[in-house]
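Visitor: This is the structure I want to talk about, given as structure tokens.
Nothing in this text is a laboratory measurement; each read-out follows from the coordinates by a stated rule. Predicted model, so just to flag it, every value in this text is computed and none were measured. Using ideal geometry, Cβ is built from the backbone for each residue, glycine included, and neighbour counts are taken over all protein chains shown.
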Protein chains: 2
Amino acid sequence: MSLDAVLSRLDADLPAATERLLDLLRIPSVSTDPAYKADCDRAADWLVADLASIGIQAEKRPTPGHPMVVGHVEGDGPHILFYGHYDVQPVDPLNLWNRAPFDPAIEETPAGKVIRGRGSSDDKGQLMTFVEACRAWKEENGTLPCRITFFFEGEEESGSPSLIPFMKENAEELKADIALICDTGLFESSTPAIITMLRGMLGEELTIKAATRDLHSGMYGGVAMNPIRVLSNVIANLHDDQGRVTIPGFYDGVPELSNEILASWDDLKFDAEGFLGSVGLSVPAGEKGRRPLEMIWSRPTCEVNGIWGGYTGDGFKTVLPGEAHAKISFRLVGTQDPHEIRKNFRKHVEGMLPPDVQVEFKAHGASPAGQMSIEDPAFEKAKQALSDEWPMDAAYVGCGGSIPIAGYFKSILGMDAMLIGFGKDDDQIHSPNEKYDLESFHKGMRSWARVLDALTK
Amino acid sequence: MSLDAVLSRLDADLPAATERLLDLLRIPSVSTDPAYKADCDRAADWLVADLASIGIQAEKRPTPGHPMVVGHVEGDGPHILFYGHYDVQPVDPLNLWNRAPFDPAIEETPAGKVIRGRGSSDDKGQLMTFVEACRAWKEENGTLPCRITFFFEGEEESGSPSLIPFMKENAEELKADIALICDTGLFESSTPAIITMLRGMLGEELTIKAATRDLHSGMYGGVAMNPIRVLSNVIANLHDDQGRVTIPGFYDGVPELSNEILASWDDLKFDAEGFLGSVGLSVPAGEKGRRPLEMIWSRPTCEVNGIWGGYTGDGFKTVLPGEAHAKISFRLVGTQDPHEIRKNFRKHVEGMLPPDVQVEFKAHGASPAGQMSIEDPAFEKAKQALSDEWPMDAAYVGCGGSIPIAGYFKSILGMDAMLIGFGKDDDQIHSPNEKYDLESFHKGMRSWARVLDALTK
């Protein structure tokens with residue numbers, strides 16, 4: 001077989017591949033809205049049929065929510081699982097779209113051709129880059145290069161309620177040597193990237209309670225404890241003047257990066273000024289003495305995501321509220337233990353309360369950070385394959401967010417995941433006018449052909 | 001003339017007086033809701049007719065909102081203006097009322113008879129105590145004891161939008177030697193009180209802005225400034241560890257009370273424990289080293305009345321908001337200058353902001369504190385008259401709230417006001433099941449007869 005022949009076929013077949021993607025994009029598979037249940041089902045059917053068209057035995061598999069699509073093709077060499085999701089975000093506010101979100105089209109823009117429509121980047125377009133690479137490979141060579149399991153989810157945009165049970169029930173069937181996930185982007189829209197670190201997440205909601213009811217500040221102001229002031233004090237004291245989190249034990253399990261990794265990140269020449277400038281900021285606001293990329297990828301954080309209490313409507317009301325609330329989240333790295341941190345956070349807050357004040361906590365999600373085993377030679381092979389396709393060399397990068405599926409592959413199926421994707425920062429995923437660059441689609445499928453070649457040579 | 005005869009007549013006439021009040025309470029004069037506009041008008045008509053029935057020439061006077069009622073009776077001696085309001089608060093939540101709010105009745109309770117219904121205490125019942133005292137006086141003596149102006153407002157519960165223009169336009173007509181205001185209560189439901197200090201009020205709303213839009217904490221968390229944290233820091237730093245406000249110049253014009261006043265307040269044996277305990281608190285939370293009554297009446301405060309920012313709905317959203325907001329109010333005393341404090345507060349907040357953060361302010365109300373001239377012999381006379389009526393001696397007290405009308409009488413009409421009222425702490429004004437003790441109504445009218453007698457002797 002020849003990789004070049006596959007790549008040429010992908011080039012020649014691009015118009016047809018694009019038509020197939022547009023066809024899939026026309027199905028409004030919004031998973032979070034029950035009104036689109038049948039459409040989600042239809043998208044799953046479409047994928048089963050498309051996989052069948054290239055000789056892959058696939059099935060729609062029921063869950064309590066939207067179906068999974070699972071397909072298998074046998075082969076020699078490593079067993080690869082590929083994951084993507086066929087569901088999409090809701091489209092509102094509809095009036096901000098320049099075209100109907102489920103009437104996709106190729107549009108010319110000053111920056112080049114784009115595929116415009118809901119799901120074009122997140123994640124139907126990305127999912128199809130891998131399917132198209134397999135199609136070209138199969139058509140060129142008659143078989144695929146190795147054993148591959150296709151695993152498509154229909155609930156990613158609505159919290160993946162069926163994912164863990166389904167993975168547990170079908171663990172033997174889904175377990176492979178490595179997972180490939182195509183739901184991320186290029187680094188700064190230009191450098192192909194493999195994510196090797198994912199931050200974990202811990203969510204806490206707290207309610208500070210003082211008086212048993214709202215009080216009038218004319219009557220009680222000056223003598224009664226104000227829970228908003230107490231909450232503000234708690235939040236103000238969660239960081240020290242170096243920007244470090246003050247919860248005892250918080251930095252247990254936070255690793256210092258190797259000089260090698262730090263050097264490779266420096267090589268990325270991250271445009272912190274542009275990154276912050278695009279949202280009106282100029283000064284990295286994290287821990288003193290840390291690089292901006294460390295702040296985002298490899299340092300833990302404590303952020304307030306919401307706060308409320310007292311009168312928040314128009315005008316003014318001189319109320320002394322009985323309660324005040326905040327939602328606080330922690331991004332976790334290394335081997336930080338979310339449950340230990342939850343415990344220590346609660347104790348820390350309780351220790352800051354003045355008399356007459358109580359606190360109630362509500363637990364939201366808790367997931368540890370993820371760290372891929374880049375010692376596995378597959379990582380270096382994939383990295384080289386990506387470097388061969390794109391103008392810039394590929395990089396191992398971190399991810400400030402949490403991509404739970406990668407953690408589940410590790411914890412439930414015991415396999416590492418390679419997160420490779422071709423989205424760009426301006427794709428407007430989850431927003432009106434979502435697009436996927438035709439270049440991302442085209443070079444994305446070529447990238448997968450190269451990765452498959454590299455992993456199976 | 002004989003005061004005793006007037007008091008006896010008031011005793012004998014109590015059932016008829018109560019019927020008159022019930023009649024007025026049946027009119028749903030909710031000023032804030034346009035649906036009750038005709039009812040407000042009807043309440044004004046009722047008062048004009050009732051004043052006419054005791055020989056007082058009164059008129060309904062139009063305003064852009066609900067009408068004023070102004071009545072005059074000529075006479076010798078001091079010219080007294082009496083103020084009350086005929087409008088009432090809305091009644092929702094209706095389901096918490098034990099009877100229809102505008103179907104008032106006398107109810108027997110373990111603590112004695114009460115008049116139950118919206119407006120019974122605030123302020124129709126209180127207003128009628130003075131009218132009934134005048135009626136008995138007139139019927140007993142043929143004339144009233146001095147020149148009296150009756151001034152009833154219909155917009156007190158909706159911010160008094162017409163009050164200042166009306167007072168300015170009719171200043172000559174309304175100006176008297178002293179104003180009597182019946183819209184307050186007994187001290188701790190038992191001691192007759194004349195309010196001689198009213199705290200002023202300053203309202204500020206601030207918006208802390210960082211990024212130009214909401215950010216995803218997975219992408220920006222750790223590197224982007226969080227305005228909720230900035231706002232919390234600002235609030236946490238508005239007080240020092242002694243509970244004093246940190247704004248430069250804030251205490252300019254805050255007087256230390258004379259030993260005489262402090263001693264008289266100590267004589268009141270204020271039940272701070274019970275006052276706080278009734279709302280689930282136990283520790284006075286104001287400035288260290290101050291008596292609870294000082295905290296409420298004679299010390300300035302800075303309170304947060306509302307705070308909001310980021311995601312405040314159910315569940316969790318890892319947003320880094322672009323903005324955070326708070327409503328902050330100051331209770332002012334002595335000669336504190338609200339405009340100076342507004343200026344200093346804004347400068348103080350601006351001085352606390354880190355880079356990349358802006359603040360926007362919105363001004364809400366500003367009114368200085370009020371201090372009555374108790375050197376005027378009228379105060380001592382009225383105090384003695386109240387002491388003669390009630391089991392406990394009357395007291396000069398402060399008021400933690402702001403009663404703007406008293407300030408307007410001073411600033412627009414140049415006259416002091418005596419705030420005397422017979423409401424009790426458990427009257428549930430502004431709440432479901434409002435009531436006025438029959439004792440408050442009865443001894444209230446007797447009190448006014450005594451005060452009129454004392455002021456005109």
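Visitor: Take the range A:176-271, drop everything but the C-alpha atoms, weight them equally and run the Debye formula without solvent; then report log10 I(q)/I(0) at 0.23, 0.24 Å⁻¹ to two decimals.
Guide: -1.27, -1.29
Visitor: Sticking with this structure for a sec: Tell me, what HN-Hα J-couplings in whole Hz come from the Karplus equation 6.51 cos²θ - 1.76 cosθ + 1.60 at θ = phi - 60° for each residue of the range A:271-281, using x for Gly and Pro?
Guide: Here the 3J(HN,Hα) series is 8, 4, 4, x, 4, 6, x, 5, 10, x, 10 Hz.
Visitor: Now for a different question. Which FRET efficiency value, to the nearest 0.05, is calculated for residue B:362 and residue A:362 with the Förster distance at 25 angstrom and r the Cβ-Cβ distance?
Guide: Working from the Cβ atoms, E equals 0.20.
Visitor: If every alpha-carbon in the protein assembly as shown counts as one equal scatterer, what log10 I(q)/I(0) does Debye give at q = 0.10 1/Å?
Guide: -1.04
Visitor: Quick one, can you get me the convex hull of the C-alpha atoms of the range B:43-174 expressed as volume per residue in Å³? Provide the component values of the computation, followed by the final result.
Guide: Numbers: hull volume 17.2 nm³, N = 132.
It comes to 130 Å³ per residue, whole-number rounded.
Visitor: Take every residue in peptide B:364-371, count the Cβ atoms of other chains within 10 Å of its Cβ, and give the average of those counts.
Guide: So the per-residue partner count for this stretch is 1.
Visitor: Please list A:441-447, A:226-232 highest first by mean number of surrounding beta-carbon atoms within 10 Å per residue.
Guide: My ranking of the peptides, most packed first, is A:226-232, A:441-447.
Visitor: Explain nothing, just the number: dipole magnitude of the range B:93-137 about its Cα centre with +1 on each Lys and Arg Cβ and -1 on each Asp and Glu Cβ, in debye rounded to the nearest 20.
Guide: Taking the Cα centre of the range B:93-137 as origin, the dipole is about 40 debye.
Visitor: Same structure, new question: Using r as the Cβ-Cβ distance of residue A:207 and residue A:283, and R0 as 41 Å, what FRET efficiency do you calculate, to the nearest 0.05?
Guide: Details: r = 33 Å, r/R0 = 0.80.
The value I calculate is 0.80.
Visitor: Using each residue's phi in the range B:204-209, evaluate 6.51 cos²θ - 1.76 cosθ + 1.60 at θ = phi - 60° and report the 3J(HN,Hα) Karplus result to the nearest Hz, with x for Gly and Pro.
Guide: Listing the rounded values in order: 9, 10, 10, 10, 9, 10 Hz.
Visitor: Separate question: Taking Rh as the Kirkwood radius computed over C-alpha pairs, what is the Stokes-Einstein D of the range A:351-457 at 4 °C in a medium of viscosity 1.567 mPa s, expressed in µm² per second?
Guide: Result for D is 75 µm²/s.
Visitor: Dividing the Cα convex hull volume of chain A by residue count, how many Å³ per residue is that?
Guide: Details: hull volume 77.0 nm³, N = 457.
Per residue, the Cα convex hull of chain A comes to 169 Å³.
Visitor: Once you average over the residues of B:271-281, how many Cβ atoms of partner chains fall within 10 Å of each Cβ?
Guide: 4
Visitor: Let me ask you something else. Considering the options A:447, A:419, A:436, tell which one lies farthest towards the positive end of the dipole of the range A:415-454, charges being +1 on Lys and Arg and -1 on Asp and Glu at the Cβ, about the Cα centre.
Guide: Farthest towards the positive pole: A:447.
Visitor: In whole Hz, what ³J(HN,Hα) sequence does the range B:326-336 give by Karplus (6.51, -1.76, 1.60; θ = phi - 60°), x for Gly and Pro?
Guide: My calculation for the range B:326-336 gives 8, 10, 10, 10, 10, 9, 10, 9, x, 10, 3 Hz in order.
Visitor: How many nm separate the modelled label positions at residue A:376 and residue A:139, each set 7 Å beyond the Cα in the direction of the Cβ?
Guide: Between residue A:376 and residue A:139, the simple spin-label model gives 3.1 nm.
Visitor: Within the range B:1-146, how many lysine pairs that are 8 or more places apart, or on different chains, have C-alpha atoms less than 18 Å apart?
Guide: Taking the Cα cut-off of 18 Å, the pair count is 4.
Visitor: Can you tell me, using C-alpha contacts under 8 Å and at least 6 residues apart, the relative contact order of chain A as a whole percent?
Guide: Numbers: 918 pairs, mean separation 118.0, N = 457.
This gives 26 percent for chain A.
Visitor: Against the longest principal axis of chain B, how steep is helix B:438-456, in degrees 0 to 90 to the nearest 10, with axes from Cα atoms?
Guide: 70 degrees
Visitor: Next up: Using a 10 Å cut-off around each Cβ, can you sort B:288, B:175, A:209, B:435 from fewest to most neighbouring Cβ atoms?
Guide: In order of increasing Cβ crowding within 10 Å: B:288, B:175, A:209, B:435.
Visitor: Let me ask you something else. For chain B, with only Lys/Arg (+1) and Asp/Glu (-1) charged at the beta-carbon, what is the dipole magnitude about the Cα centre, in debye rounded to 20? Write out the running numbers ahead of the final one.
Guide: Numbers: 44 positive and 69 negative charges, 225 e Å.
I would put it at about 1080 debye.
Visitor: Peptide B:243-256: average number of partner chain Cβ atoms within 10 Å per residue?
Guide: The shielding value for this peptide is 0.
Visitor: Oh, and also: Order A:119-131, B:267-279 from most to least packed using the mean count of other Cβ atoms within 10 Å.
Guide: Ranking the peptides A:119-131, B:267-279 by packing returns A:119-131, B:267-279.
Visitor: If you split all Cα-Cα distances of the range B:219-286 into 5 Å bins from zero, what percentages do you get per bin, shortest first?
Guide: That works out to 3, 11, 11, 13, 16, 17, 11, 6, 5, 3, 2, 2, 0, in percent per bin.
Visitor: While we're on this one: Nearest 20 debye, what's the magnitude of the dipole of the range A:358-425 about its Cα centre given +1 on Lys and Arg Cβ and -1 on Asp and Glu Cβ?
Guide: 280 debye
Visitor: A further question follows. Just to confirm the number: angle between the C-alpha axis of helix B:404-413 and the first principal axis of chain B, 0 to 90 degrees, nearest 10?
Guide: Its long axis makes an angle of about 70 degrees.
Visitor: Based on alpha-carbon centroids, what's the gap between the range A:56-119 and the range B:315-377 in Å, whole number please?
Guide: Cα centroid to Cα centroid, the span is 51 Å.
Visitor: Now for a separate question. Among B:408, A:436, A:311, rank each residue by its count of other Cβ atoms within 10 Å, from fewest to most, as a rough exposure measure.
Guide: If I rank by nearby Cβ atoms, fewest first, I get A:311, B:408, A:436.
Visitor: Additional query: What is the range A:103-214's relative contact order, in percent, from Cα pairs under 8 angstrom and six or more apart in sequence?
Guide: That works out to 15 percent.
Visitor: Given the options B:302, B:275, B:249, identify the residue whose Cα lies farthest towards the positive end of the charge dipole of the range B:239-324 (+1 on Cβ of Lys, Arg; -1 on Cβ of Asp, Glu).
Guide: B:302
Visitor: Please report, largest first and rounded to whole Å, the three semi-axes of the ellipsoid equivalent to the range A:278-319, where each semi-axis is the square root of five times an eigenvalue of the C-alpha gyration tensor. Don't skip to the end; give the middle numbers.
Guide: Values: eigenvalues 234, 36, 15 Å².
With the √(5λ) rule applied to the range A:278-319, the semi-axes are 34, 13, 9 Å.
Visitor: Rank these for me by crowding, B:341, A:374, A:405, going from fewest to most other beta carbons within 10 Å. Don't jump to the answer; show the numbers that get you there.
Guide: Values: B:341 25, A:374 17, A:405 22.
Lowest to highest Cβ neighbour count: A:374, A:405, B:341.
Visitor: Using only the alpha-carbon atoms, how far is helix A:377-389 inclined from the longest principal axis of chain A? Give it as 0 to 90 degrees, nearest 10.
Guide: 70 degrees
Visitor: Show me, bin by bin at 5 Å from 0, the whole-percent P(r) of the range B:67-127 based on Cα pairs.
Guide: 4, 14, 19, 18, 15, 10, 8, 7, 4, 1, 0
Visitor: Return a single number: how many Lys pairs in the range A:323-427, at a sequence separation of 8 or more or on separate chains, have alpha-carbon atoms below 28 angstrom apart.
Guide: 12
Visitor: Provide, for q = 0.12, 0.26 Å⁻¹, the log10 of I(q)/I(0) from a solvent-free Debye sum over equal Cα point scatterers in the range B:1-72.
Guide: After summing over all Cα pairs, the log10 values are -0.43, -1.15.
Visitor: Another one. Sum -39500 (n - 2.57) across every DSSP H segment of at least 4 residues in chain A, then divide by the residue count to get the 222 nm mean residue ellipticity, nearest 500. Show your work: numbers first, answer last.
Guide: Numbers: 13 runs with 154 residues, N = 457.
Rounded to the nearest 500, the figure is -10500 deg cm²/dmol.
Visitor: Which residues in the range A:211-229 place their backbone N less than 19 Å from a point set 7 Å from the Cα of residue B:237 along the Cα-to-Cβ direction?
Guide: A:229
Visitor: Separate question: Residues with amide H under 5 Å of residue B:185's amide H, sequence separation 5 or more or different chain, H placed in the peptide plane at 1.01 Å from N; which?
Guide: Here the answer is B:421, B:423, since their amide H atoms fall under 5 Å of that of residue B:185.
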